[in-house]
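See structure below.
Since every read-out is calculated from the coordinates, none of them should be taken as a lab result. Worth saying up front: this structure is predicted, and the values here are computed from it rather than measured. Methodologically, a virtual Cβ is constructed for each residue, glycine included, from the backbone with ideal geometry; neighbour enumeration extends over all protein chains shown.
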Amino acid sequence: MTTKPMTEAEMRTHLAEALKGIKADDLTATVRDVMAMPHDYGTVCVAIGALAAAAARAADREPNGGITGFQAGAVFWEFVRAWDVFGDGPKRMTQYANMLYPQYAHDFERTISADTWAWLQEHAAKRLAETNGQAHPDVVAHWKQIVAGSVPFGYAVVAGDD
């Protein structure tokens, strides 16, 4: 590939082209080649992210692949779950570009699902039981309010998924 260090933007451009159309059989060598390039704190993140997406695309090109866009969204959440960088608990991805379209107003309401609310109450109670005086008093008071049924930050609980 290259020996000159790239910026993050240059790395994205380079890898978009280099990884286009990659096949499953080429993944191991490609991972090694990309990771052998000079990296800094940011470009290594760009490289690993691009390789992860390339691996997903290569898997999708296999005979049992050919997933839909809806399934690709599910793959994204499976990656988030497996990578485990955001920890346990409910999550939501916000696509702010949708603010340009009135039909997406519901995506920007301050609501959480009943399941998310139940999770928050359960985990607030667990943290209260485990704190041993190590949490800030404001945090403890916040947890107590959640356990008592006060939905935080002006949110409302609604039926359905987040």
Exposed chymotrypsin sites (Phe, Trp or Tyr not before Pro) being those in a DSSP loop with at most 14 other Cβ atoms within 10 Å, the longest stretch of the chain free of them is 87-154
As a Kirkwood estimate from alpha-carbon pairs, the chain has a hydrodynamic radius in angstrom of 19.7
For region 71-162, listing GluC sites (Glu not before Pro) in a DSSP loop whose Cβ sees at most 16 other Cβ atoms within 10 Å gives 109
Magnitude of the Cβ-charge dipole (Lys and Arg +1, Asp and Glu -1) of the chain about the Cα centre, nearest 20 debye, reported as 100
Count of lysine pairs, the chain, Cα-Cα under 27 Å, sep. 8 or more residues or interchain, comes to 5
Sparse-neighbourhood loop hits (trypsin sites (Lys or Arg not before Pro), region 4-44; DSSP loop; Cβ within 10 Å at most 12 others) -> 20, 23
For region 76-112 the trypsin sites (Lys or Arg not before Pro) that pass both the DSSP coil test and the at-most-10 other-Cβ-within-10 Å test are 92, 110
The farthest towards the positive end of the charge dipole of region 1-153, of the residues 19, 153, 93, given +1 on Cβ of Lys and Arg and -1 on Cβ of Asp and Glu, is 153
Longest principal axis of the chain (C-alpha) makes with the long axis of helix 137-147 (C-alpha) an angle, in degrees to the nearest 10, of 80
Taking N as the number of residues in region 96-158, the ratio of its alpha carbon radius of gyration to 2.2 N^0.38 Å works out to 1.43
Note, residue 123: beta-carbon cut-off 12 Å, +1 each Lys/Arg, -1 each Asp/Glu, net -1
Taking only C-alpha positions in region 32-74, Rg and Dmax in angstrom work out to 13.3, 37
Interchain or sequence-distant (5+) residues whose placed amide H lies within less than 5 Å of the amide H of residue 113 are 158, 162
Helix 114-130 sits off the longest principal axis of the Cα atoms of the chain, rounded to the nearest 10 on a 0 to 90 degree scale, by 80
Applied in sequence order to region 7-21, the curve 6.51 cos²θ - 1.76 cosθ + 1.60 (Karplus, θ = phi - 60°) yields integer Hz couplings, x standing for Gly and Pro, of 7, 4, 5, 5, 5, 4, 5, 4, 6, 4, 6, 5, 9, 4, x
